[in-house]
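Novice: First, the structure itself, so that you have it in front of you.
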Amino acid sequence: MSAMARERRLAEIFVEVADSLVEDFDVIDLLHRLSARCVELLDVSAAGILLADAHGELQIIAASDEHTRLLELLALQHDQGPCVECYRTGAARTNIDLTRGEVTAAWPRFAAQARETGYVITHAIPLRLRNRVVGALNLFQTAPHRLGDDDIALAQALADVATIAVLQQRTLEQSHVENSQLQNALTSRILIEQVKGVLAERWNTSVDEAFAAFRSYARARHLRLSDLAAQIIEGDFDTRTIPAPHVS
Amino acid sequence: MAEVLRSLRLGEGGDPAQACVRALDAAGVALSLLVGADRTAEPLWCHPELSARFEELQFTLGEGPGPEVVRTGSPVLEPDLDRVRPERWPVLLPAARDLGVRGVCGFPLGIGAIRVGVLTVLCGEDRRISEQQFADATALAAALTGVFLNGNGHVNGTVPGPDRMPGWPTGLNRPVVHQATGMISVQLGVSIQEALLRLRAHAYGSERPLGEIAEDVVARRLRFGDELDDDISGPYSPEGGKG
């Protein structure tokens, strides 16, 4: 992407995010879109967003694609990986060469699984709220080119947008919104994994296919993923109204 | 907070609610669990008496942080009840004021769609909740979720013994576990909560990590059927043999 095209695309993304924040928005879906934009703008292979839970452990909140393989790789970082280091120190860790054992010695399991998935370089960018770190943006590349300072600055800008999205005040009822928002986002994420399983079993498809169908249905009707997921699990929603994916 | 978690484990200090009140530096703490098919909130323990009365009040009226937490699964933080719009809890607010309750926060016990109960914390004179108190209450709610998902404490008010560590059950950070839970709930036609129990029971019974069993379920190498089976989790493995 040329510098000018990229700048224009970035402006579009900020407008898209600003638009999304106006109403009672779907934080999981927005973060998924942001992850996908990171991949597009930074020319990386995959991106994931992790948030710290009440125990200070990182949990996945969204990824550029919902393939379980990527989700599981991100999930490994509840106890090890570059995002854990980034979260603890508050500093970005960039251009980490996954093929060099001495670089990845602190988190061998993560590095091995990342390499197996085909990634050779990874980056971890902090999600910062004032002087507090609330999570990390994780980028992966299958191609061994380095990200330059401009790319990293752009990644940090996108991470900042993600932080704003997560902590955006949803209702004025809550006086301690920030912490609750983090909690809600983490709960929503688990709910979505549960509904993937429910739908995959009903439709006899993979969880990845089930999620794709679920999300297109929710998006087309402007339903929040977590709301629709909760309704389905409670049995308050007839899932036959969602077009089932074709069994592959 | 570590001390409270330890006291929950050992059943020491008699009253877990009292320990929580001290650790959270709150005016009162109450824990209610959702029981039965209609998920009625049943108080399990409270301290002091004021907490017990408030707990009864909010669940009788169906108004307040507790019922809202049960409905939404999200924390509700109102450390200063004077700042709550009167129409939000029209009957509860004046009654709470009469009791001398100044502020209340409710924290959900649960995992995703699984709702186990609610922890209600009464705030003190200063009508605020600090970041530390929030973090402690959230951690406590998570630890208690773990305890009750292990099937403890729902029969009576006794705290779990030392063999049952309160705390987050291991393996629940993996997406595949929640995906498998959803699949099993459909396979067995049971609630998502029971599905997780069955999954964990199977992992425990077969002495394999929860994540591994979940991977088998999602990859359809393992299916939970309801055929007559001595095994409590009753899974059926298409490759023959069990799990």
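The values are calculated or read from the model by the stated rules, or taken from the named source; none is laboratory data. Because the structure is a prediction, the values reported are computed rather than measured. Note that we place each Cβ from the backbone using ideal geometry, even for glycine, and neighbour counts take in every protein chain shown.
Novice: Answer yes or no: is there a residue in the range B:134-145 that is at pLDDT below 85, in a helix (DSSP H, G or I), surrounded by 21 or more Cβ atoms within 10 Å (Cβ to Cβ) and more than 7 Å from every other protein chain (Cβ to nearest Cβ).
Specialist: For the range B:134-145, residues at pLDDT below 85, in a helix (DSSP H, G or I), surrounded by 21 or more Cβ atoms within 10 Å (Cβ to Cβ) and more than 7 Å from every other protein chain (Cβ to nearest Cβ): present.
Novice: Right, another one. Do the conditions hold for B:GLU131, that is, is it more than 16 Å from B:ALA52 (Cα to Cα) and more than 14 Å from chain A (Cβ to nearest Cβ)?
Specialist: Spelling it out, it is not the case that B:GLU131 is more than 16 Å from B:ALA52 (Cα to Cα) and more than 14 Å from chain A (Cβ to nearest Cβ).
Novice: Considering only the range B:84-120, how many residues are within 13 Å of chain A (Cβ to nearest Cβ), touching a Lys or Arg at 6+ places or on another chain (Cβ under 7 Å) and over 27 Å from B:ALA195 (Cα atoms)?
Specialist: Total meeting the criteria: 1.
Novice: From the list B:GLY62, B:GLY73, which residue is under 30 Å from A:GLY235 (Cβ atoms), out of contact with any His (no Cβ under 8 Å at 6 or more places or on another chain) and at pLDDT below 90?
Specialist: B:GLY73
Novice: Considering each of B:GLY189, B:GLY182, B:GLY157 in turn, give the residue that is over 27 Å from A:LEU73 (Cβ atoms) and modelled with pLDDT of 85 or more.
Specialist: B:GLY189
Novice: Here's another thing I want to ask about it. Specify which of the listed residues (B:PRO43, B:PRO75, B:PRO67) is free of Cβ contacts under 8 Å to residues at least 24 places away in the same chain, surrounded by 15 or more Cβ atoms within 10 Å (Cβ to Cβ) and touching a Phe, Trp or Tyr at 6+ places or on another chain (Cβ under 9 Å).
Specialist: Checking each option against the conditions leaves just B:PRO43.
Novice: Among the residues of the range A:218-230, how many are surrounded by fewer than 16 Cβ atoms within 10 Å (Cβ to Cβ) and either at pLDDT 90 or above or in a helix (DSSP H, G or I) (or both)?
Specialist: The total comes to 4.
Novice: Quick check on this structure: which one of A:THR104, A:THR94 is within 19 Å of A:ARG146 (Cβ to Cβ), touching a strand residue (DSSP E or B) at 6+ places or on another chain (Cβ under 6 Å) and crowded, with 17+ Cβ neighbours inside 10 Å?
Specialist: That would be A:THR94, the only listed residue that is within 19 Å of A:ARG146 (Cβ to Cβ), touching a strand residue (DSSP E or B) at 6+ places or on another chain (Cβ under 6 Å) and crowded, with 17+ Cβ neighbours inside 10 Å.
Novice: In the range B:62-115, which residues are under 22 Å from B:PHE134 (Cα atoms), of a type in the set (Lys, Arg) and assigned to a loop (DSSP other than H, G, I, E, B)?
Specialist: Result: B:ARG102, single match.
Novice: Please pick out the residue among B:LEU81, B:LEU57 that is surrounded by 19 or more Cβ atoms within 10 Å (Cβ to Cβ) and either within 11 Å of chain A (Cβ to nearest Cβ) or within 23 Å of A:ASN184 (Cα to Cα) (or both).
Specialist: So the residue among B:LEU81, B:LEU57 that is surrounded by 19 or more Cβ atoms within 10 Å (Cβ to Cβ) and either within 11 Å of chain A (Cβ to nearest Cβ) or within 23 Å of A:ASN184 (Cα to Cα) (or both) is B:LEU81.
Novice: Has the range B:90-99 got at least one residue that is among the charged types (D, E, K, R) and within 29 Å of B:ALA113 (Cα to Cα)?
Specialist: For the range B:90-99, residues among the charged types (D, E, K, R) and within 29 Å of B:ALA113 (Cα to Cα): absent.
Novice: Next question. State whether the residues of the range A:191-203 include one that is in contact with a Lys or Arg (Cβ under 7 Å, 6 or more places away or on another chain), over 30 Å from B:ASP136 (Cβ atoms) and modelled with pLDDT of 90 or more.
Specialist: No, there is no match, as no residue in the range A:191-203 is in contact with a Lys or Arg (Cβ under 7 Å, 6 or more places away or on another chain), over 30 Å from B:ASP136 (Cβ atoms) and modelled with pLDDT of 90 or more.
Novice: Can you say whether B:GLY73 is under 30 Å from A:ALA229 (Cα atoms) and within 17 Å of the chain's Cα centre (by Cα), as far as the supplied structure shows?
Specialist: Here the answer is yes, as B:GLY73 does meet what is asked.
The rows are residues; the columns are (1) over 26 Å from B:VAL218 (Cβ atoms); (2) more than 14 Å from chain B (Cβ to nearest Cβ); (3) under 18 Å from the mean Cα position of the chain (by Cα); (4) among the hydroxyl-bearing types (Ser, Thr, Tyr).
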site	(1), (2), (3), (4)
A:VAL27	no, no, yes, no
A:ALA62	no, no, yes, no
A:HIS67	no, no, yes, no
A:GLU72	no, no, yes, no
A:LEU76	no, no, yes, no
A:CYS83	no, no, yes, no
A:ASN95	yes, yes, no, no
A:GLY101	yes, yes, no, no
A:THR104	yes, yes, no, yes
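Novice: Quick check on my filter: what residues within the range A:203-226 are in contact (Cβ under 8 Å) with a residue 40 or more places away in the chain and among the charged types (D, E, K, R)?
Specialist: A:ASP208, A:ARG215, A:ARG219, A:ARG224, listed by residue number.
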